[in-house]
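Have a look at the structure below before the remarks.
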Amino acid sequence: MKKVFTAFFFCFLTCALCQKVELKKITDSSQTFTGEIGGKPVTIELNYTGVADCDQYQHYVDGWYYYDKYKKKIPLTGIYDYYGSLSLYNFGTKQKQNARLLKEQITSMQKVAQTDEIAQKLAPRESILFGNLNTNSNPISGHFYMGKKEQPVKLFTGNAMIYRLNNYLYLPNNKKINTYDFINKAGGNELISYASGKNGNRVLLYFEQTSNFNACGRCGASEGEKGYRVLYFTKDWNYKNYEEFLIESCLENMYDVTKTKSKDKQTITYTIGKSESTPAHTLTVDLKNASVVKSK
């Protein structure tokens, strides 16, 4: 009987451990891409080196590329613009000098749009230009210029973003998902709890995120967006969908909020006044059961 109980306890413990959910935040400030120039395989590594003006996703990059056959690194500098293009340059023996001059001249959103015009005045030895970055096309196509020679260039990815706020959820059954891929690029999630039900599994997240990556734009300098997200999964922990519940928002002008905790601290009730796009309502957050109920 003792052996049977021990075996049962071991199986129960193993099952309990396999149901663990974790959230890890990892910020990427560099990316390595594979691609080709004129049909020849290349590798490109780019590093985030600072914001050009107000927008987190218009920034300077430095790095290198090489032809995979030779692996001789050729330095690059340039501008990543999420809303438009990725412009990379090699200035030969004047790489450091002209990279500094290029960055000194690109200090506004208007100047970002003129990146190639500014760079050409510094006589780059090589230029690698990608346009239409936000079309989700894969591969991303562009042009390679060296003197009067032009060749097609490709990046084998659908996302050339360098700076990424990853929030990885490590799930049972050795599964992992990233909120960056299916919610938004703002990060800011905290794991509150997770629970199982007859229809599958749930994960409750609390989030605080920027309202606008452009600090000079609407709500860019505000305290941001705050609220909860409930993520829904199958019984096998395959992701289905999520719901989002705001408790404070600059974009929605949502600030009339009263917060009340239950005596056992397992439930939080938010009484939220009318905002620009939503009528007055109440949110009941069940911390233990990983659920949020919205009512009038």
Taking only Cα atoms and a 10 Å spring cutoff, compute GNM fluctuations for the chain and point out the largest among SER137, SER30, SER211. SER137
If you place +1 on the Cβ of every Lys and Arg and -1 on the Cβ of every Asp and Glu, how big does the dipole about the Cα centre of the range 124-180 come out, in debye to the nearest 20? 120 debye
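Could you give the accessible area per residue of the chain, probe 1.4 Å, as a whole number in Å²? Walk me through the intermediate numbers first.
Details: 16440 Å² over 296 residues.
Each residue of the chain exposes 56 Å² on average to a 1.4 Å probe.
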Could you pull out every one of the aspartates and glutamates with an alpha carbon less than 18 Å from that of LYS73, ignoring same-chain neighbours closer than 8 positions? GLU36, GLU45, ASP62, GLU126
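Rounded to the nearest 20 Debye, what is the dipole magnitude of the chain about its Cα centre when Lys and Arg each give +1 and Asp and Glu each give -1 at the C-beta?
Details: 39 positive and 28 negative charges, 231 e Å.
Around 1100 debye, computed over the chain.
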Taking only Cα atoms and a 10 Å spring cutoff, compute GNM fluctuations for the chain and point out the largest among THR93, THR210, THR282. THR93
For the pairs LYS25/LYS265; LYS176/LYS274; LYS111/LYS154, note any where the Cα-Cα span goes beyond 28 Å. LYS176/LYS274
Tally up the carbon and sulfur contribution to the accessible surface of the chain as a whole percent, 1.4 Å probe, everything protein left in place. 52 percent
Theoretical ellipticity at 222 nm over the chain - DSSP helices of four or more residues, -39500 (n - 2.57) apiece, nearest 500: -4000 deg cm²/dmol
Of the residues GLN19, TYR206, ASN241, the Cα lying farthest along the dipole of the chain towards its positive end, which is defined by charges on the beta carbon of Lys, Arg, Asp and Glu, belongs to GLN19
Cα-based helix-to-principal-axis angle, 95-105 vs the chain, degrees rounded to 10: 70 degrees
Quick one: divide the alpha-carbon radius of gyration of the chain by 2.2 N^0.38 Å and tell me what you get. 1.28
Under 21 Å from the Cα of LYS148, which lysines turn up, not counting those fewer than eight places away in the same chain? LYS40, LYS94, LYS121
So which aspartates and glutamates can LYS288 reach, going by Cα to Cα under 14 Å and dropping same-chain residues fewer than 8 places off? ASP264
GNM on the chain, Cα springs under 10 Å; top mean-square fluctuation among LYS198, LYS265, LYS103 goes to LYS198
Report the calculated FRET efficiency for TYR70 and LEU23 (r = Cβ-Cβ distance, R0 = 45 Å), to the nearest 0.05. 0.60
Hey, what angle do you get for helix 2-18 against the long axis of the chain, alpha-carbon based, 0 to 90 degrees rounded to 10? 40 degrees
Residue (of TYR163, THR32, ILE128) at the positive-pole extreme of the chain, dipole from beta-carbon charges: THR32
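The values are calculated or read from the model by the stated rules, or taken from the named source; none is laboratory data. Given the structure is predicted, the values throughout are model-derived calculations rather than measurements. Methodologically, a virtual Cβ is constructed for each residue, glycine included, from the backbone with ideal geometry; neighbour enumeration extends over all protein chains shown. Accessible surface areas use protein heavy atoms only, side chains included; no ligands, DNA or RNA. Shrake-Rupley method; radii C 1.70, N 1.55, O 1.52, S 1.80 Å.
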